[in-house]
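S.K.: My structure is below; once you've seen it, I'll send some questions.
The values are calculated or read from the model by the stated rules, or taken from the named source; none is laboratory data. Remember, predicted model here, so these are calculated numbers, not experimental data. FYI the Cβ positions are ideal-geometry reconstructions off the backbone, even for glycines, and counts take in every protein chain you see.
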Amino acid sequence: MVRFKKGKKPNMDGINLLVSILVCYPEIGTVSFEPGDEALHFSFALKEVPQRQAYESVGSFLEESILAYHSLEGYTDARIEIFLEGQGNTAFFHIIRDVETISRGEISLISTIMHEQFGNILIMDHDDLGPVDFDGEAAAQEEVIDHMIGNLKATRVTDRMIGIREEGRVMVFNK
C-alpha cells in the first residue's frame, strides 16, 4: 500500500526502489531515502541489544566488506555510517549509504552479513511475505532495484520517502 500527500506527485522510481528492497530482503526492517544527503538509510530490528563488542565487531566487518566490494567494483569515497540504537530490549542496527556508490549487490551483501551475524535475534518478516523466489518475482524485483538505483543516481529526487513493514505488508510514505 502506498500513501501520498495530497497535491504532490510522488516519485515512482523512489517508491518502487524502496518497495523492491523490502520485498527482496526480509532482513531489512525499514529503508528510507533522504534527499538532503542523497542517502539510503537501512534499519535492521533486533530482538535484543547485542553486546558492545559484538556490535562493534559486526560494524567493522560490514564496513570492511563494503569497502572490499567497492574496491572490486571500482568505487572510492563511499559514505558509510553504521550505528546501533537501543530502545528497551530492542535494538535497531542502522546503516547509511550514499546513493552514488550503492548497488543492489552491496544491499544483498549487507543483508546476508546481517542475517549471518544476527540471524537468531534479527527480526524478519519472511513468514508474512513468503519465501523468496529467486527464479520468479524476486529476480524481477532485483532488476527493478538495479534500474531504480540508476535512476536515483541520474536524477535529483527531492522527496523524503520511508518504506516500512507492517503486519506482512510493505508500505511507503512520501514526506
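S.K.: Consider His41 carefully, then state whether it is over 24 Å from His147 (Cβ atoms), modelled with pLDDT of 95 or more and within 16 Å of the chain's Cα centre (by Cα).
M.R.: no
S.K.: Does Glu106 fit the bill of being part of a helix (DSSP H, G or I), acidic (Asp, Glu) and surrounded by 17 or more Cβ atoms within 10 Å (Cβ to Cβ)?
M.R.: Taking the combined requirement at face value, the residue satisfies it.
S.K.: Same structure again: Exactly one condition in (1) free of Cβ contacts under 8 Å to residues at least 60 places away in the same chain; (2) over 21 Å from Glu116 (Cβ atoms); (3) in a loop (DSSP other than H, G, I, E, B) is false for Asp37; which is it?
M.R.: Of the numbered conditions (1) free of Cβ contacts under 8 Å to residues at least 60 places away in the same chain; (2) over 21 Å from Glu116 (Cβ atoms); (3) in a loop (DSSP other than H, G, I, E, B), the odd one out for Asp37 is (1).
S.K.: Ok, one more. Just name the residue that is surrounded by the most Cβ atoms within 10 Å (Cβ to Cβ) out of those in region 51-97 that are of a type in the set (Ser, Thr, Tyr) and modelled with pLDDT of 90 or more.
M.R.: Tyr55
S.K.: Filter region 3-34 down to residues that are part of a strand (DSSP E or B), closer than 25 Å to Asp98 by Cβ and modelled with pLDDT under 85, then give me how many there are.
M.R.: Of the residues in that region, 0 qualify.
S.K.: Looking only at region 111-138, filter to residues that are exposed (fewer than 13 other Cβ atoms within 10 Å of the Cβ) and assigned to a helix (DSSP H, G or I); which one of those is modelled with the lowest pLDDT?
M.R.: Asp127
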